[in-house]
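Structure record follows, encoded as structure tokens.
The values are calculated or read from the model by the stated rules, or taken from the named source; none is laboratory data. Note that the coordinates shown come from a computational prediction; the quantities given were computed from them, not determined experimentally. Virtual Cβ from ideal backbone geometry, glycine too; neighbours counted across all protein chains shown. Heavy atoms of the whole protein, side chains included, go into the accessibility calculation; ligands, DNA and RNA do not. Shrake-Rupley method; radii C 1.70, N 1.55, O 1.52, S 1.80 Å.
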Amino acid sequence: FTEALHKMQCGDIVGIRGPFGRGFPFEEMKGHDILLVAGGLGIAPLRSLINNIHDERSDFGKVTIIYGSKNPSEVMFRNQFEMWRHRKDFDLYLTVDNPDDTWMAKWAGHQAFEHLEISPANTFGAVCGPPVMYRFVVARCVRRASATIIST
């Protein structure tokens with residue numbers, strides 16, 4: 001696709017399909033704790049959900065956001081993470097597979113699942129990221145006696 005796109009000329013037509021997925025049951029999630037887990041590009045679809053929760057924050061219980069990336073340079077939406085990080089009513093955990101010195105100085109100790117406390121009967125979870133990540137996230141949630149997980 002990328003090669004074909006580069007061969008296009010000004011004025012050529014490009015078709016776009018989407019969005020895909022099932023969306024989030026936003027109204028049903030109200031009144032519950034929220035666990036949001038994203039890996040890499042998976043933060044893009046969850047970002048809109050996070051922003052909606054942010055805008056209607058009083059309608060939700062505890063909000064936990066976990067985001068992982070391969071490298072610090074690949075972390076998306078840094079400005080929003082900075083904003084969410086300073087909110088007292090959001091628990092934010094960022095992790096990278098290959099940290100560098102700048103990452104360690106700012107985010108050291110932010111272990112995603114090590115200190116995770118969820119109330120399974122009252123928690124909605126949304127997970128979006130590479131397929132390999134799902135296995136680990138679901139296993140961790142099962143160990144915590146399960147939350148309602150929404151896969152996008």
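Brief remarks on what is shown
- Protection proxy ranking of 4-16, 35-47, by the mean of other Cβ atoms within 10 Å over each peptide's residues and highest first, is 35-47, 4-16.
- Helix 131-143 axis, angle to the chain major axis (alpha carbon atoms, nearest 10°): 10 degrees
- The value of relative contact order for segment 1-92, using C-alpha pairs under 8 Å at least six residues apart, is 28 percent.
- Solvent-accessible surface of segment 1-132, taken per residue with a 1.4 Å probe and all protein chains present: 61 Å².
- DSSP beta bridge pairing in the chain, given as percent antiparallel to the nearest 5: 0 percent
- Cα-based helix-to-principal-axis angle, 43-55 vs the chain, degrees rounded to 10: 50 degrees
- Mean ellipticity per residue at 222 nm, deg cm²/dmol - from DSSP H runs of n ≥ 4 across the chain, formula -39500 (n - 2.57): -9000 deg cm²/dmol
- Charge dipole of the chain about the Cα centre (unit charges at C-beta), most positive-ward option of Pro99, Cys141, Ser48: Cys141
- As a calculated quantity, the FRET efficiency between Met83 and Asn122 at R0 = 30 Å, using C-beta atoms, amounts to about 0.70.
- At most 12 other Cβ within 10 Å, DSSP loop - chymotrypsin sites (Phe, Trp or Tyr not before Pro), segment 1-53: Phe1, Phe20
- Counting lysine pairs in the chain whose alpha carbons fall under 26 angstrom apart, excluding pairs fewer than 8 residues apart on the same chain, gives 6.
- With all protein chains in place and a 1.4 Å probe, the accessible surface of segment 1-49 carries 58 percent carbon and sulfur.
- Distance between the 7 Å Cα→Cβ label points at Ala139 and Glu3: 3.8 nm.
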